[in-house]
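See below for the structure under consideration.
The values are calculated or read from the model by the stated rules, or taken from the named source; none is laboratory data. Note that the coordinates shown come from a computational prediction; the quantities given were computed from them, not determined experimentally. Cβ atoms come from the backbone with ideal geometry, glycine included; neighbour counts cover every protein chain shown.
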Amino acid sequence: MRSEINKILGNIEEALENPVILTAEKPLVHKKEKSKFSISNALKIEEKKEVLTPILPDKEAPQNHFTESDLQQEWLIFLEDLKTTNSLVYNAINSFKLNKIGENGVEICCPSKTAKSEFSSVSAQFFNHFKRKVNNYHIEVTFKMDTKLKKEILTKRKIFDKFAEINPVLNDLNDLMKFDFT
């Protein structure tokens, strides 16, 4: 055992007297690269003010005539396309009514402000296509709130209640039979 310890100590003394210098082809320590995402920059709140300038049509832009049927036809085509691509927006705006007013006016009747806000996300797409189609770049759009356009979902219970208003005997029958309208 002693001989083994002496052997190890001899190897250590020899290593200390003749140090071996190792060289590497590549540096062993890499420089730290700064992250592309900085938390301190993300925490700084920057107020960005978007200035929207309405683009007014040139006096020289085409101003061809379009008819009510042109408007209705393009609206139906747009709704069919929207039905397949974005059903949420389609369900919000499919009850809108578009009417031609004057030579270059379009009035949009919508049932609520939320439906109008959903329409604002796709209105540019529709009107840009429509303006190119009819070659009229002077179209003016106005909105009108019309609560008559709201679609009410009729359940079996609501249908029964409407019939019960007409014929009160149905309420007695419901009390006797305990109808299930679920």
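General remarks:
- Among the residues making up the stretch 122-138, those that are outside any loop (DSSP other than H, G, I, E, B) and either modelled with pLDDT under 85 or exposed (fewer than 13 other Cβ atoms within 10 Å of the Cβ) (or both) are ALA124, GLN125, ASN128, ARG132.
- Verdict on ALA164 being outside the structural domain of GLN73 (by TED's automatic domain parsing), surrounded by 14 or more Cβ atoms within 10 Å (Cβ to Cβ) and part of a helix (DSSP H, G or I): yes
- For the stretch 63-93, the tally of residues that are surrounded by fewer than 14 Cβ atoms within 10 Å (Cβ to Cβ) and touching a helix residue (DSSP H, G or I) at 6+ places or on another chain (Cβ under 7 Å) stands at 2.
- Looking across ALA124, ALA115, one residue alone is within 30 Å of GLU60 (Cα to Cα) and among the aliphatic types (A, V, I, L, M). It is ALA124.
- Residues located in the stretch 94-106, provided they are of a type in the set (D, E, K, R) and buried (at least 16 other Cβ atoms within 10 Å of the Cβ): LYS100
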